[in-house]
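Worksheet: one structure, shown below.
The values are calculated or read from the model by the stated rules, or taken from the named source; none is laboratory data. Just so you know, these numbers come straight off a predicted model, no measurement behind them. Please note: Cβ atoms are built from the backbone with ideal geometry, for glycine as well, and neighbour counts cover all protein chains shown. Ligands, DNA and RNA are stripped out before the accessible areas are found, and what is left, the full protein with its side chains, is counted by its heavy atoms. Shrake-Rupley method; radii C 1.70, N 1.55, O 1.52, S 1.80 Å.
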Amino acid sequence: MPEISLVEYAANFDRATLQPKLAEAEQERQQIIEAFPLNSFIDLPLERYALRDKDRTTLCYSLEFGSKALGSMKGGSADKLGIYFHVKSGQWKSSIPGVPNFEDAWKGLRSDFYDAVKLAQNNQWEKIDALQFACYTPALRTKWLHVHCPNEVLPIYSFAHLTHYIEQLGSKFIRQQGKSTSAANHQLVTLLRNIPQLKEWTLWQIGQLLYLWNPPKKKEKTTLNANDEEVIRYVKIAPGSNAKFWGDCLEHGYICVGWDAVGDIRTMATVEELEERFNEVWPPQNGGERRKNREKAEEVWTLRELDAGDFVIANQGKSRILGVGTVTDAGYEYDSNRADHKHVVHVKWDTSYERTIPKQENWAFVTVADLTEEQKKMIFEKAAQSLVSSSPMPTQSLNQILYGPPGTGKTYRVIREAAAIVAKQLLVNDAEAKTVYDLAFVEGRVQLATFHQSFSYEDFIEGIRPVMEDGSEAKFQVRDGVFKKIATEALFACLEPIEILEEPTTSELGAETTVKRPGPGTITGRVWDIIERLSEASQGVASRDSVLRECLAAGINASTANTQYSRWRKSLRSAEPNSTAEEAVPDTSSTEPKLEVNRKKAIENYLRIGSASGWQLRTDKNFPPYVLIIDEINRGNISRIFGELITLIEDDKREGGENALRVTLPCSRELFTVPPNLFLLGTMNTADKSL
């Protein structure tokens, strides 16, 4: 079960972030409805339904490739569509068991798609999965239902994903005969509609929320599973001879492969059909060449099988890793606009894995190959070791800038980096990284700022800003900027109180046998006032711990507070000469609830008088990491925005560092330092020529 419930996650989620994609999804939905209206669907010709060569106007193309915002149903072969066009024979083929005639298959399939919508509109969900022909196209049918019934069908088309979320909500789906995708979808919708906190959410928004909250985890295997369970696939792909297309792949976010003459493999149903195409283009002269065509057909077919969340490792030769890409929803595409290497798979690249590895001799003979378990460990675990060590904090640089042209995955990479920092471990799964990132953002351990030409020092550090009080006149206050706010939180997380539980010596207290109360208006008098107030509030004796914390919050250092607390206890003992100290003044430090500390005041005291304030840097150095992401960092005036931070952010100049520095801020006149646990991650667009 996830650490945070769906209700808690939804309560802290900003639905406004989904608005752009929601608008895109609704536009896609309306385009499909207009192109394939239900009232005339029963007369739809087969040519308007099935995948065929380069025709991108068909229903199957629109649902599988042309409506990404409506959710993915990609992966597998054309068999899942029921009918497809066989390139070699130039004929339509049926993949529906027991119905080899494509005309019969199309009549039945067309009728079932029409009936499925009508059944959904009449709330007869139990009959949809039993449809004779459409039962063999469960993902396609479910997405078709979402298009026509967006308020009744979730945009989740995988049976495995649906049952995953049913179980996460504490229920169970009993598998029925055949493909039960519609029944599972309807059961999940019913569970979600019974959650009052999601009443105002649309099903499309809930679908997005579910994947962000608790994405289904694929099982790690090196081959795809023929059953319903999904698997993560790790494949190495060389971007051309000697990686000559690597720059192009990195810039545009894909990996590319040759053998262009075989054409678009999305129109092929099986790897055997692709093998036939290889034999046509490159006729084999002997058994060796035939085996070679078979091997290359399998390599190219791998591209068709890759699904969102799978990993592509770009290699150069036998011993160089260039980067690791995560396959996106766009997946495989045959890009006819490219001059060469037209088979592409869309990915988000992460070049932090770039390194030299021991020679992999088998890589010399293959372009596409699944990784072995040993190769996965070598690539990913060694990368993890460079990020996570025995040190309590991640060991990478505190200040980093991710740069590159548009589309190279800078935003995606910075989310993964931030998540890895706060989690203190490498996260290779994008969905898992986003979940960690969202939770850290809610907790305040990750913050985001976007620089622009108007962004200033006052926005970043501090500045004097007007505020309205009682709706009358404007007054001016010093307001903290985004950096100062997170730096304050991060520094407080580095501090621990100094426990002072020993009684001061006689020389510290003085030799008097009777302790007199300090005069009013003095600092020591204020300590006594606090002690008496806390004692009265607790209807007993204030604990040393509560007094120390209250005094620190009031700006009184711990040494003074501790001494005066002991004097106060002695005054009570002298008033009760026949009682022991324990009887007269029981110390309830271990049982009394701790009072909330004024963090800003505690930091101010620490920076001003050090350990005399009662606070010190944690002796175990186990500082919880905080991250500030600065997007488009090169769009701001760096020297104007950062001011004195240009000096303070260097690793050794931070608090606790070898050359630690502090400054007095110009507006608030407060002492300021940069904590050792605050990571700065910037992104920079190198293609922006206006900067």
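Quick look at the values:
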{"item": "Verdict on Glu276 being of a type in the set (Asp, Glu) and open to solvent by 30 Å² or more (accessible area, probe 1.4 Å)", "result": "yes"}
{"item": "The stretch 308-365, subset among the charged types (D, E, K, R) and under 29 Å from the mean Cα position of the chain (by Cα), residue surrounded by the most Cβ atoms within 10 Å (Cβ to Cβ)", "result": "Asp310"}
{"item": "Whichever residue in the stretch 157-197 is open to solvent by less than 50 Å² (accessible area, probe 1.4 Å) and β-branched (Val, Ile, Thr) and, among such residues, is nearest to Ala130 (Cα to Cα)", "result": "Thr181"}
{"item": "Counted residues, the stretch 234-248 - those being part of a helix (DSSP H, G or I), within 25 Å of Trp282 (Cβ to Cβ) and not polar (S, T, N, Q)", "result": "1"}
{"item": "Residue count, the stretch 3-41 (criterion: under 25 Å from the mean Cα position of the chain (by Cα), surrounded by fewer than 12 Cβ atoms within 10 Å (Cβ to Cβ) and assigned to a loop (DSSP other than H, G, I, E, B))", "result": "2"}
{"item": "Candidates Ser538, Ser559, Ser546, filtered to the one that is open to solvent by less than 90 Å² (accessible area, probe 1.4 Å) and modelled with pLDDT under 70", "result": "Ser559"}
{"item": "Leading residue by the ranking (most open to solvent (accessible area, probe 1.4 Å)) among those in the stretch 96-109 that are in a loop (DSSP other than H, G, I, E, B) and under 12 Å from Cys135 (Cα atoms)", "result": "Pro97"}
{"item": "Subset of the stretch 42-71 (residues that are over 21 Å from Gly263 (Cα atoms) and either in contact with a His (Cβ under 9 Å, 6 or more places away or on another chain) or of a type in the set (Val, Ile, Thr) (or both))", "result": "Ile42, Leu70, Gly71"}
{"item": "Leading residue by the ranking (nearest to Glu432 (Cα to Cα)) among those in the stretch 278-321 that are acidic (Asp, Glu) and not in a helix (DSSP H, G or I)", "result": "Asp310"}
{"item": "Within the stretch 110-156, tally of residues that are farther than 21 Å from Leu188 by Cα, in contact (Cβ under 8 Å) with a residue 60 or more places away in the chain and open to solvent by less than 20 Å² (accessible area, probe 1.4 Å)", "result": "1"}
{"item": "Residue within the stretch 313-327 that is hydrophobic (A, V, I, L, M, F, W, C), within 24 Å of His86 (Cβ to Cβ) and touching a Phe, Trp or Tyr at 6+ places or on another chain (Cβ under 7 Å) present", "result": "no"}
{"item": "Check on Ala50, over 16 Å from Thr137 (Cβ atoms), open to solvent by less than 40 Å² (accessible area, probe 1.4 Å) and in contact with a Gly (Cβ under 9 Å, 6 or more places away or on another chain)", "result": "no"}
{"item": "Cβ-Cβ under 8 Å pairs, at least 6 apart or on other chains, the stretch 588-610 side crowded, with 16+ Cβ neighbours inside 10 Å and β-branched (Val, Ile, Thr), far side at pLDDT 80 or above and part of a helix (DSSP H, G or I)", "result": "Ile603/Thr488; Ile603/Leu491; Ile603/Phe492"}
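For every residue, the table says whether it meets (1) hydroxyl-bearing (Ser, Thr, Tyr); (2) in a loop (DSSP other than H, G, I, E, B).
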{"site": "Thr142", "(1), (2)": "yes, no"}
{"site": "Leu145", "(1), (2)": "no, no"}
{"site": "Asn151", "(1), (2)": "no, yes"}
{"site": "Tyr157", "(1), (2)": "yes, yes"}
{"site": "Ile166", "(1), (2)": "no, no"}
{"site": "Gly170", "(1), (2)": "no, yes"}
{"site": "Ser182", "(1), (2)": "yes, no"}
{"site": "Val189", "(1), (2)": "no, no"}
{"site": "Gly207", "(1), (2)": "no, no"}
